[in-house]
Amino acid sequence: MQTGYILGLLSLPIFLEGCCPKNHQVKITGVQPQQHYRAVEGEIFWMPCIQSLNQHKQKVWSRTGEGDEGNHGIKCATLFTVEAKHSGNYSSGSKFFLYLHVVARSSVGCSTAEESSVVLERDKGGKVPCPGLNCSNNTEVIWYKIYRPVSSWQGRDSCVDETGRLHLCQVYKEDTSVFFCDRKIIDQGLTWTLRRAVNVTAAPEPPSDPPRVDKPRGIETHEVELGHSHTLVCEASFITEKTLSVGWYINYGGNLENRTLLPMQEEKKKEVGLTQTKVSRDAIIEKVTQQHLNHTYTCIAKNSVGNSTGTIKLKKKIKVHFPSLVGYPFASLLLISGLGIILHVKWLEIQLIYRSRVQHGKHDKDEKEFDVFLSFVWSPSTDLEGVLTLSAQKGPHEEACLSSMDLLNTEEGKSTLEVLLPRVLEDQWGYRLSYTNDVVLAIRRSQMLICVLSADYLSNSNALFVLESGVQALLQNTALKLLLIWTTRDSAALIQPDPPLPALVKRALKVLPSLDWSSGKTARTTSSFWRSLRKAMPSQRVNMVSLMQGQLTDRPRTSF
């Protein structure tokens, strides 16, 4: 009696688990050189792959008995929906042949639509039926998941029971797929392989709790602006299942029993892990009015177990007419930082603008020996090149009438500015010219520096040294006026001379006072130039003749 009881307990797991403890899957036999397959129209199908004798895997089945036009063949292990047009003879290489016969679904009397798909619960065992198998005496079935034999699974318990059904001892999420069952049938002396497809869905275990509304949590109050749109956002967490929904309702007057559904956007679903789904749904109030503030808005999340809610109340947002105290120092900091950056980048230009337009520095006449230092480069057609320093002498020539100057009406008046300028300064305005080699000293002892800028000037290193020395003297707090006279401002050589201009000179040219001269101007325009030049000259002359003039009498003239 006790022995029989023990045997009964040992045999109980076998009946409960079926064939799960061991894998009784029938092993796949080798593929024959010539095969006959049958498939049901409208179902998923895949052509077998054949291993040839030389171990080369035949991958493509080509149609035979028809023209090659439009025939690209069918790759093995490729899923496709089979149709009647796929019936025919196929070959793979020269030794393997296959005949596919596609039968109409209506001719399969024993098969039902319910057998073509099955829903199994995850983390539990389940059985997959082979369609039409209950009408056949042959229960020997070979099962595939897509095109991989179930018998080749490693680490999973599965088997085919006595009725030919596939028994999965544990269902996973990845088992949502297409399974195929192959069984042998004999028709008119030929052995056919009937391949049927089953769509398997691995569904989660039904939930035991209602969903959770994550947003809004409980009752929340949102500030809104009248006349603007406002979006109500609901987010809920579900234990993954098919039956779930999220919706927004308006509660008139805050009465939960007097509610209607709000216009909403589509649900957005996102799976989190294997068993949880996040669902969000929005409702948009196009234009918030005072009436909307009298109602409440509830999000309801439902599943097969129950529902959860979250509610939002709307409150009018109070506009702040004055910026907060925190904003003032922040704005001030931004303003000061911006000004600091501008000053840092443009500080040189600012210094030059100020010092060239405002008399700044020492004004003691005793330290100034010269009125004007004139710097220019003679044109190539002239045999002289040099830097001239002007010294004033007492004389009655200061008030010359420039508009009626005879010099401008002569052939000499048509000469270059380099020729005219020394003659006007000396003959008409009473300055005497002298040459010097000590450029830096002469600039420091002059009241004014005039540079006649031409293409040749800006390409001459010695001339640029004079201009750069004048800019340096202007920056060093000396009482120096600096004037530029452009003769060819539109020339490309002034923008990109060769060699390139020094950085200090390039920045100074943009801001220093300047006049424009052109030999092609009318007499009236030319007279205007001379008036502007006379106005820019030093207001008082130095009562001293240059000592350097006498020193340079017997020297060769300085040439650039």
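Points worth noting:
- Set V233, V213, V224, V200: member being of a type in the set (V, I, T), in contact with a Cys (Cβ under 7 Å, 6 or more places away or on another chain) and at pLDDT 90 or above: V213
- Of the residues in segment 441-450, not one is over 60 Å from the mean Cα position of the chain (by Cα), at pLDDT 55 or above and of a type in the set (A, V, I, L, M, F, W, C).
- Extreme residue, farthest from L98 (Cα to Cα), among residues of segment 202-232 that are exposed (fewer than 15 other Cβ atoms within 10 Å of the Cβ) and of a type in the set (V, I, T): T221
- Checking each residue in segment 253-283 for being surrounded by 14 or more Cβ atoms within 10 Å (Cβ to Cβ), under 20 Å from K313 (Cβ atoms) and modelled with pLDDT of 90 or more picks out L262, M264, R281, D282, A283.
- Residue within segment 175-191 that is in a strand (DSSP E or B) and free of Cβ contacts under 8 Å to residues at least 12 places away in the same chain present: yes
Quick grid of which residues meet (1) in the same structural domain as W192 (by TED's automatic domain parsing); (2) more than 18 Å from F45 (Cβ to Cβ); (3) outside any strand (DSSP E or B); (4) not β-branched (V, I, T):
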{"position": "N89", "(1), (2), (3), (4)": "yes, no, no, yes"}
{"position": "Y99", "(1), (2), (3), (4)": "yes, no, no, yes"}
{"position": "V102", "(1), (2), (3), (4)": "yes, no, no, no"}
{"position": "K127", "(1), (2), (3), (4)": "yes, yes, no, yes"}
{"position": "N137", "(1), (2), (3), (4)": "yes, yes, yes, yes"}
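- Among the residues of segment 367-386, those that are under 16 Å from N460 (Cα atoms) and modelled with pLDDT of 80 or more comprise L374, S375, F376, V377.
- Among the candidates S532, S514, S527, S519, residue that is more than 26 Å from I350 (Cβ to Cβ) and at pLDDT 70 or above: S527
- Selection count where residues are in contact with an Asp or Glu (Cβ under 9 Å, 6 or more places away or on another chain) and touching a residue at least 60 places away in the same chain (Cβ under 8 Å), scope segment 281-300: 2
- Among the criteria (1) assigned to a loop (DSSP other than H, G, I, E, B); (2) more than 46 Å from the chain's Cα centre (by Cα); (3) not basic (K, R), the one P207 does not fulfil is (2).
The values are calculated or read from the model by the stated rules, or taken from the named source; none is laboratory data. The structure presented is a predicted model; accordingly, all values stated were derived computationally and were not measured. Counting neighbours? That spans all protein chains shown, and the Cβs are built from the backbone with ideal geometry, glycine included.
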